[in-house]
Amino acid sequence: MLKTKSVYERKEADDGLRVLVMREWPRGIEREDIDEWIVELSPSPELDMEWTGRRIEWDDYEKRYRREVEGQVPHLRYLKELSERKNVTLLCWEGMEDLCHRRVLRRMVEETKLQ
């Protein structure tokens, strides 16, 4: 099972493997609270700044993020394989999942084909 949440939400037993998908380490989070950190699945700094500065709309952000991450096939397959065997939780700092790259990433992982 693949799920998402903010890294600042309480750690729960059913989180399974906790995977951070941010470019920088979040403040106040201990290393033992994260199992893996896959920087390559985070948005580029440029895309992040455009989104947080509200210079682009969500649809544009999602399209550009998908283009940035679609080349990370090994990481996408890795998460797909893991999530078919156990719980995997994608984490970033954002509190609202509706407008966060981890929601897009979750769909991309679910859409990924295994050979």
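The HN-Hα couplings worked out from phi for segment 17-24 by the Karplus form 6.51 cos²θ - 1.76 cosθ + 1.60 (θ = phi - 60°) are 6, 9, 10, 7, 10, 10, 6, 10 Hz, whole numbers, x standing for Gly and Pro.
Distance from the alpha carbon centroid of segment 31-52 to that of segment 59-94 works out to 11 angstrom. The share of Cα pairs per 5 Å bin across segment 68-114, counted from zero up to the longest distance, runs 5, 21, 32, 23, 16, 4, 0 percent.
Computed over the alpha-carbon pairs of the chain, the distance histogram in 5 Å steps reads 2, 12, 24, 25, 20, 12, 5, 1 percent, short to long.
Computed from backbone phi with θ = phi - 60° and the Karplus coefficients 6.51, -1.76 and 1.60, the 3J(HN,Hα) list for segment 105-113 is 4, 4, 4, 5, 5, 4, 7, 5, 8 Hz; x is used for glycine and proline. With the helix formula -39500 (n - 2.57) applied to DSSP H stretches of n ≥ 4, the chain reaches a computed 222 nm mean residue ellipticity of -11500 deg cm²/dmol.
Under the convention that each Lys and Arg Cβ holds +1 and each Asp and Glu Cβ holds -1, the size of the dipole of segment 2-111 around its Cα centre is about 100 debye. Length gained on full extension, residue 86 to residue 66, computed as 0.36 nm times the residue gap minus the Cα-Cα distance: 4.7 nm. Using just the C-alpha positions of segment 1-53 as equal point scatterers, what log10 of I(q)/I(0) does the Debye formula give at each q in 0.12, 0.26, 0.27 1/Å? So the normalised log intensities work out to -0.30, -1.14, -1.19.
A full extension of the chain between residue 77 and residue 40 corresponds to an added length of 12.0 nm, given 0.36 nm per residue minus the alpha carbon distance.
Computed from the coordinates by the stated procedures, all read-outs in this text should not be read as laboratory data. Just so it is clear, the structure is predicted and the values come from calculations on it, not from any experiment. When we count neighbours, we look across all protein chains shown, and the Cβ atoms used for this are built from the backbone with ideal geometry, even at glycine.
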